1. Would you kindly derive the ³J(HN,Hα) couplings of region 199-214 from the backbone phi angles with the Karplus curve 6.51 cos²θ - 1.76 cosθ + 1.60 (θ = phi - 60°), listing them in order in whole Hz, with x for Gly and Pro?
2. Could you run the Karplus curve 6.51 cos²θ - 1.76 cosθ + 1.60 with θ = phi - 60° over region 59-65 and give me ³J(HN,Hα) per residue in whole Hz, x for Gly and Pro?
Amino acid sequence: MVFHVLAIEIGAAGVLLAVAWYLWFLWGNRNRGRAVLGWIERAFAQHGQVTGLRWDNPACFRAQLRLAPAIFQNVLLTVQLFPRQWPLSWLLRRARREKETITFQADLDSAPCFDLEVHNHRWYGPKRPRSGKLRLWKMQPAKPFVLTTRNEWQREVTTMMNALVASRECDCSSVCIRRSSPHFSVTVPLETLAPEARSQAAIFDVLRELAIGASTARF
């Protein structure tokens, strides 16, 4: 009987702890969301304003923007936070070294005549030699290159590639250009818009250069 009572009490305590964890981090994500919204307003203050906000779930919200330059239409920013209210999911993402992200989506005045998807991948070598043997690494810088299935190379591709190289300042995770809506989509780490990040002031210029490259290139 005593063990039965103890099991009930432990179970009740576990439920209360889980509920407290969920509510605490739900409140924390809401506060972080308000802070991130402030980052967005500062980053785009000279070019437009936030006109709407909607939470899809406790770790993801969407902000609508109206930007002055006519190149961007139907602008939508999607912010993906860590799901801190779910401990296992949060720890799994931290173990994978994933980052909170923000995705900029918009239609362009002139729809691209091609589809392009670019992902940013990085590889790192070991920090320490294994088995006590010293390994000497020789680094060779590589210039951007394109793998294509087209037989004819078109010079306009250079404009697009230059814009992609320039986007390294904001460490773009992915860049997608489509003929269908949304025509333009760029995902960057959320820390790109942090107040202490130098890239906060440059984010709009990078997006504009990429969009111009998408509008003028003919693949």
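1. My calculation for region 199-214 gives 6, 4, 6, 9, 4, 5, 4, 5, 4, 5, 5, 5, 5, 5, x, 5 Hz in order.
2. The phi angles translate into 10, 8, 9, 10, 10, 8, 10 Hz.
We did not get these values from a lab; they are worked out from the coordinates using the rules stated. This is a predicted model, so every value here is computed, not measured.
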